[in-house]
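These notes concern the structure reproduced below.
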């Protein structure tokens, strides 16, 4: 059984975002004359450059650049279109460029953490964490059919502690990974932070983030 982003939603994404980008830049081009006459307006120099562009090059450029920017944004959003497929032996999580398989018997519970779908094992270990923008109402009936529990929140929410440098309960090797991951969070490097989350999982830690602050719990 499969739960996926509806085709109409993906088509709308690839249609509306480029159109919105093109419309936005075309609007900027149209208001440039007005903005440059306002002495207090921000970015007047930028709007003056736009005002000086000849027509029809300005209109064509606005539509082209805006549409291209919308396509790029649509690509980023579509890359998080998760498909969940459940069989008798495994749970397959896939999205463009990513494919993860978890043995069905290893999964104790699934829940949504913000915009992520989380699969927990029977010892509380995090088995998978993937982008998830669907309504839980779409996946809950499927899970019930397959006997997989769904939780409204993290079952271990009360077990987390905030990480601070050199926490005595955290071994030195894990503290070093936490410190590097904090630097990744501070600079907004989500990919590096995700990779270091996996490394902490290997060391026996589950991590959740709240406003760039790391909270942890131990698992066996």
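Quick one: would you say residue 200 is in a helix (DSSP H, G or I), more than 19 Å from the chain's Cα centre (by Cα), under 21 Å from residue 111 (Cβ atoms) and outside the structural domain of residue 97 (by TED's automatic domain parsing)? When the stated conditions are applied, residue 200 passes them. Beta carbons closer than 6 Å, at least 6 apart along the sequence or on distinct chains, pair a first residue in segment 169-181 that is within 15 Å of residue 206 (Cβ to Cβ) with a second that is in a helix (DSSP H, G or I) for 177/196; 177/199; 177/200; 181/193; 181/196. Of all residues in segment 104-138, those satisfying the criterion of being outside any strand (DSSP E or B) and over 14 Å from the mean Cα position of the chain (by Cα) are 104, 105, 106, 122, 123, 124, 125, 135, 136, 137, 138.
The values are calculated or read from the model by the stated rules, or taken from the named source; none is laboratory data. Since this is a predicted model, take the numbers as computed values, not measurements. Glycine gets a Cβ as well: all are built from the backbone with ideal geometry, and neighbour counts include every protein chain shown.
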